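Reading through the structure tokens given below for one structure.
Values quoted throughout were computed directly from the atomic coordinates according to the rules given, and no laboratory measurement underlies them. Bear in mind that the values here come from a model prediction, so they are computed numbers and not experimental data. Because the Cβ atoms are built from the backbone with ideal geometry, glycine has one as well, and the counts that use them run over all protein chains shown.
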Amino acid sequence: MKDSISGQTSLRRRGWTRREWHYFWLGLIFASPWIIGFLIFTVYPFFSSLYFSLTEYDLFNAPRWVGMDNYKAIMKDHNFYKSISNTLFMAFISVPITLFSSLLIAMLLNFKVKGINYYRTIFYLPAVIPSVASALLWTWMLNPDFGLVNIFLRWAGLPDPAWLLDPQFTKPSLILMGLWGSGAGALIFLAALQGVPQTYYEAAQVDGANWWHRFWKITVPALSPIILFQLIMGLIGAFQIFTESYILAGGKSNGGSLGGPGQSLLFYAVNLYQEAFMNLKMGYASALAWILFIIVMLITLLVLKTSKRWVYYGGE
């Protein structure tokens with residue numbers, strides 16, 4: 001008995017058996033299409049962009065090494081700072097508003113009333129509409145002359161702003177679009193809400209807790225991991241706003257920029273697209289992309305660092 005155990009131990013020390021190697025290579029063969037695609041379409045472009053960010057490259061001529069010149073030029077570019085300010089506005093104003101509205105909708109859809117499945121479907125429908133189609137729809141709805149929004153405002157006796165023509169209202173227009181499509185986030189919150197044990201609410205109600213205490217002391221802590229997930233994904237998405245801005249700005253340059261009136265719609269991704277595919281400054285655009293990567297990574301790490309104070313997981 002001892003000899004057989006010692007023999008098996010020695011085999012493990014020598015390495016895998018022939019059968020184990022067979023299964024390893026078989027699994028590698030089945031995974032090879034994904035591995036090859038990952039290396040070609042993710043790893044190679046990732047490191048290529050780092051190289052191009054240190055060169056002057058216009059797609060037609062060979063890259064010319066310029067070192068850190070692109071990064072120095074970015075630090076002096078007005079469009080860079082304008083796009084950063086517009087993007088940060090959407091990240092720190094629009095994302096919390098959308099999160100709150102998603103949670104509110106989820107709590108409403110969590111009530112057990114007749115036809116609740118139909119209500120849930122209606123609230124989720126805008127999330128499945130392509131972004132281009134929804135942007136075109138809102139371009140019509142926010143038209144200052146015949147748009148439905150301004151028709152309603154005039155009927156209610158309220159001011160009817162020129163939404164897409166006034167720099168003060170272009171970003172609120174995007175926030176309205178985000179609220180309209182908050183059904184996807186609401187669905188995630190709804191799934192999390194249904195996982196909160198009802199005994200917690202019943203015990204709190206017996207102890208005399210009102211609706212606010214039950215929400216703040218039970219619902220929010222129970223949903224905090226989902227809030228963290230939605231917050232991180234929302235912040236990352238805010239730094240990638242492109243389609244909505246491009247469509248609302250008319251898809252054409254305004255004084256050499258795609259930023260719309262007063263460059264109020266010049267977001268970071270729009271500026272990157274403009275430098276890469278309109279000005280053909282691929283090296284410069286690659287440097288912008290790497291700065292974006294660093295900014296998003298730092299913000300994500302900061303959120304994860306602070307999450308230790310307000311995120312509660314099961315069993316804590």
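For the range 120-174, report the % of Cα-Cα distances exceeding 16 Å.
Details: 736 of 1485 pairs.
Counting every Cα pair in the range 120-174, those more than 16 Å apart make up 50 percent.
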Across the range 169-316, how many lysine pairs, 8 or more positions apart or on different chains, have C-alpha atoms separated by under 27 Å? Please give the number. 4
Based on Cα positions only, what radius of gyration and what Dmax would you give for the range 39-166, in angstroms? 23.0, 67
If amide H atoms are modeled at 1.01 Å from N in the peptide plane, then the residues at a separation of 5 or more from THR55, or on another chain, having amide H under 5 Å from its own are VAL66
Whole-Hz couplings from phi, Karplus 6.51/-1.76/1.60, listed for the range 150-166; x for Gly and Pro: 5, 4, 5, 4, 5, 5, 7, x, 9, x, 10, x, 7, 3, 8, 10, 9
Please compute the Kirkwood hydrodynamic radius of the chain from all pairs of different C-alpha atoms, in Å with one decimal. 23.9 Å
What residues have an amide H closer than 5 Å to that of SER264, excluding those fewer than 5 places away on the same chain, when H is modeled at 1.01 Å from N in the peptide plane? none
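What order do you get for 196-205, 231-240 when each peptide is scored by the mean count of other beta carbon atoms within 10 Å, highest first? If you can, show how the numbers build up before the last one.
Details: 196-205: 12.4, 231-240: 17.2.
Highest to lowest by the protection proxy: 231-240, 196-205.
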What number comes out for the charge environment of ASN110, summing +1 per Lys or Arg and -1 per Asp or Glu over other residues with Cβ under 15 Å away? +4
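Of all the stretches in the chain, which is the longest one without any exposed loop site, taking trypsin sites (Lys or Arg not before Pro) in a DSSP loop (any state but H, G, I, E, B) with at most 15 other Cβ atoms within 10 Å?
Values: sites that count: LYS76, LYS112, LYS114, LYS252.
Answer - 115-251.
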Quick check: Cα centre of the range 152-210 to Cα centre of the range 70-141, how many Å? 11 Å
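Over the range 1-159, what relative contact order in percent results from Cα pairs under 8 Å that are six or more residues apart? The partial results should precede the final answer.
Details: 38 pairs, mean separation 9.4, N = 159.
Once normalised by length, the contact order is 6 percent.
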Mind pulling the per residue volume of the convex hull built on the Cα atoms of the range 168-316? Å³ is fine. 137 Å³
Unit charges at the beta carbon, dipole of the chain: most positive-side option, ALA31, THR170, LEU50: ALA31
